[in-house]
Every structure is written in C-alpha cells, then in structure tokens.
Amino acid sequence: MELRHLRYFIAVAEEGHITRAAERLGMQQPPLSQQIRALERELDVQLLRRKPRGVELTEAGRALLADARAILAHIEHAFATTRRTARGEQGRIAVGFTSSAPFHPFVPRVIRAFRESFPLIALTLDESGTTELIDDLRHERVDAAFIRTPVTDPLGLTVNLLLEEAMLVALPSAHPLAAGNTLAAGDASGEVAGDVAAEVADAPALPLAGLAAETFVVYRRRSGPGLYDAIFAACHAAGFSPLVGQEAPRIVSTLNLVAAGLGIAIVPASLQRMQMDGVAYRRLAGAQPGAPLLLASRRGDTSAVVRRFLELVQRTARTFPRTARPGGALPPRAA
C-alpha cells in the first residue's frame, strides 16, 4: 500500500462519487476505480458500496477513513517539521553565558529577539564560568556561549568580539572615595539616590593609580582569566600591583563582598544595573581595562538552528554600539 492509495480513498469517501473524486485528484475515473478495487483486494474487505448515483462507505470503510486521515495528517506534520528544521525554524538550542553577561542589555535583547522570531525553537539557557562553557561547547553540551574572556586555545571554536564596554570601580558606600557624592545604590536608610547611571557619568572620575593603597576584590582567575588579567595589567601600567583581599567565584559575587566592606572591585559598567545597597560606583580616568562581550561557538556546526542564532546575534551586534560609555543606556532607578 502506498500513501497515494489512502489519498485516493479519502477523496472518494469525501466526494461520495468516483467521477467527482477523479476530477478533484486530476486523474481519469477508470484508473481511480482500479486503484480503489486494488486497495480493497489488498485489505480483503469491501470499503465502498456502489450505488446508482455514487458510492457510500461500508462500516470497514468508515473505520479506514478515520485512520487514513490521521495517518496522512501525521505524515504532513512530519514533513512540515522536517522542512522547518532544515530551515532552522524548529529544533533545540542550548546557549551558555557567564554570570555578568545578562546584565549587558545586548544579551537579553538578542535572546528575546530570537525567541520572538523563532517560537518553535526550544531555547535552553545555562550559566557557568568561561572555562566551563568552553568545555561544554567542545563536548556539545551547549551550542553557543556569551563569554567575557578571550579563548587562549580556540581549536575547533569560533570566537567573535561583539562589543566592549568600559569598567567602573565599585566601592563600599561608606568608603572615603564615595563620600560626598550620591553614587551609592542606596544609603543606610534604603533611600534611593536618583538616577545611578547619570550620576556615575557626572561624578568625577578616579585615576587608577589613586587606588594603589586599596584592597581589591577580584573575580578568581581560573573562572575567567581574561578580565582578571586585564585588571592586573591596567594596574601594573598605572604603577602598582593590586593587593587582593578576596576572590569571588563569580564576577557578580564581587559586589556582595564590596557591599560587605571587604574591598573595592573593578567591574563591567553594566553591573551597575544591580544597584545593590551598600555599593557606590565611580568612573575610571585615563587608560583602563575594557570588558569584552564575545560569542563562542563550534566551528563548522552543521545545525541550521545554531546558524540562525549566530546570524541573529551578529546582525544585532552590527546595529549595537560596540563600546558602551559607563552609565549609558541604563534605566532610571525607581523611587
């Protein structure tokens, strides 16, 4: 039995007339009658009862009609799914990101755009450190990853720089360098000090060399050596080696330690979106480290879904400012 036999039978059953069914199928009546009789012989049942003005279904014919429709509907669904998958419009994708990446407006924007453009694609998000994400890429546990650190061993991977943002210094709100300004995300009473982004932009910038006597809270190197090395290189260029008091497992965690008064931290400007109580932000003057946002993927990945995602990310990046000014494009703090 072939699928066309089921289509022929359904047409005859729905039309109740072989000639009209033949016209609907674009064929002659005699061959259609022969195909129906051949189907009956193969099943060894009578499907149609011939009448003077057409045909009617037997009980066996009615049973076959329901199943035939279901079979063809399932086949059509399978074909449509296959075509959408081949076009990269349906399927699955796993996207990884470092803990600081979602705070940059680019990442949630591009994830939202992808979900809206391809609603039939199941998108899974996974947060981890850069080292772990690179390992996940190589072992096909994730398909793409937003990372902050350039990959020193890119074998088998493609790593593209999407944009680079400035970095700020985060200080405990009671720190002398934060005194006399309103850059703290909240004071002891919990009152909000206005638009943090605008205030960071307007406050006097701090020279990196002026932080030489401070205790630093840093993102541990094995989780993301790129930012760690960039911060240390900038400090060395400013004439000092930073005194590290604490290392945090995630870059976002450094702000908790700063709020606890354990030191200061240099962080990507987009982290001020956290607006954490007990933390003040100041711009850095002169030469300073930058925080890149990169997209890593497997080189030569054959998945059409992954290609769709990479294309959308690259297209969005081309219309997005590649360098973010500290304090730029952030929403006002709620009153």
The ³J(HN,Hα) series, computed from each phi in the range 169-176 with the Karplus coefficients 6.51, -1.76 and 1.60 at θ = phi - 60°, rounded to the nearest Hz and given as x for glycine or proline, is 9, 9, 10, x, 4, 8, 5, x
Once 303, 100, 117 are ranked on solvent-accessible area with the largest value leading and a 1.4 Å probe, the list reads 117, 303, 100
Pseudo-spin-label distance residue 126 to residue 152, built 7 Å along Cα→Cβ, given in nm, is 2.3 nm
Taking a crude spin-label model, label points 7 Å out from Cα along the C-beta direction, the residue 233 to residue 38 distance in nm is 7.3 nm
Sorted by chain and then number, the residues having a modelled amide H within less than 5 Å of the amide H of residue 219, at least 5 places away or on another chain, are 248
Once normalised by the length of the chain, the mean sequence separation of its alpha carbon contacts under 8 Å that are 6 or more apart gives a contact order in percent of 23 percent
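With a 1.4 Å probe and all protein chains kept in place, how do 79, 216 rank by accessible area, largest first?
Details: 79 90, 216 0 Å².
So the residues, ranked largest to smallest area, are 79, 216.
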Which of (1) 115; (2) 197; (3) 126 gives volume of the Cα convex hull per residue in Å³ as computed here? It is (2)
quick note, the chain, DSSP beta bridge pairs, % antiparallel (nearest 5) is 55 percent
Membrane-span-like helices (DSSP H runs, Cα span along own axis at least 24 Å, mean Kyte-Doolittle at least -1.0) in the chain -> 59-86
Rounded to 0.05, the calculated FRET efficiency for the beta carbons of residue 277 and residue 135 at R₀ = 41 Å is 0.70
In whole percent, the fraction of accessible protein surface over the chain that belongs to carbon or sulfur atoms, probe radius 1.4 Å, stands at 52 percent
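Suppose R0 equals 41 Å. What FRET efficiency, 1/(1 + (r/R0)^6) with r the Cβ-Cβ distance, do residue 83 and residue 164 give to the nearest 0.05?
Once the sixth-power term is evaluated, E becomes 0.55.
Mind checking the per residue accessible area of the chain for me, 1.4 Å probe, whole number of Å²?
I get 49 Å² per residue for the chain.
The values are calculated or read from the model by the stated rules, or taken from the named source; none is laboratory data. Owing to the predicted nature of the structure, the values given are computational and were not obtained by experimental measurement. Positions of Cβ are backbone-derived with ideal geometry, glycine not excepted, and every protein chain shown enters the neighbour counts. All accessible areas refer to the heavy atoms of the entire protein, side chains included, with ligands and DNA or RNA removed. Shrake-Rupley method; radii C 1.70, N 1.55, O 1.52, S 1.80 Å.
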